[in-house]
């Protein structure tokens, strides 16, 4: 019996793993490259906690970006899982996009990134981000620091915020990735579902409002999702680790959580293309960053572990 295979197209195809220290702009870059709000963006370190795939297709190529957590020294079980995710993606991809922040001096986390990339023995592109604010001296300095460890690699300068330089970088991948069959339909932007993206959008809204008061001990879970042609009703829970954090998220007379709802609802309306009725509750899950069952449920820890 002849096997029935679906052919999505052929061209330059491959997985591009994005690595870098926390808060260098990985999520901002992938959102700008895709033209879609895929991952949470925040000034907080470690905003990205698991691997996200972003798929950029045209008639002749399919670039599959893997946005990974920031490389840093693990402090709890969640951080350990994030570090394992980065290592797995670096070893499994076709090429590595090493992203660095030109406005910050080369530090221990950058060195850890460079050493990880050097050990992968994969094609590497060093991408210097934040050129909308960085000086020439800063750009040259950080490039030299990375290349001293990684060796002579291709270097691109971009601004993930404004989009400057991104087209040239994408053209590089379209010319250098291996040839083969497309792995996804040309209209598919990611391998994650809308619920997961919505959880990230809600968390991003909370981070925007409470970047000073609220630490990283926050996670969002969609509890209920009801959708028709015109509206999506979403019920979600924001989990924190302590009662004091719960009070911050709720705010006086519920003012803070209502502001989170307002911002998240507008972001979701743009992303989902429908009116969004969002309800949020806030609960305490003590020390959730060290609880494997909780992390597994959020996709941060591999279900097989």
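The values are calculated or read from the model by the stated rules, or taken from the named source; none is laboratory data. These figures come from a predicted structure and were not determined experimentally. For neighbour counting, all protein chains shown are included, and Cβ atoms are generated from backbone atoms with ideal geometry for every residue, glycine included.
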Kindly indicate which of 246, 279 is assigned to a helix (DSSP H, G or I) and modelled with pLDDT of 90 or more.
246
Mind checking which helices (runs of 4 or more DSSP H) fall wholly inside the range 102-194 and carry at least 3 residues that are buried (at least 17 other Cβ atoms within 10 Å of the Cβ) and within 20 Å of the chain's Cα centre (by Cα)?
108-120, 166-176
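Yes/no per residue for (1) in contact with a strand residue (DSSP E or B) (Cβ under 6 Å, 6 or more places away or on another chain); (2) farther than 13 Å from residue 202 by Cβ:
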residue	(1), (2)
235	yes, no
247	no, yes
250	yes, yes
257	yes, no
271	no, no
Determine, yes or no, whether residue 126 is under 22 Å from residue 189 (Cβ atoms) and at pLDDT 90 or above.
no
Taking the range 253-276 and keeping residues on the phi > 0 side of the Ramachandran plot and modelled with pLDDT of 90 or more leaves 253, 254
Given the conditions (1) in contact (Cβ under 8 Å) with a residue 40 or more places away in the chain; (2) not assigned by TED's automatic domain parsing to the domain that holds residue 57, which single one is not true for residue 199?
(1)
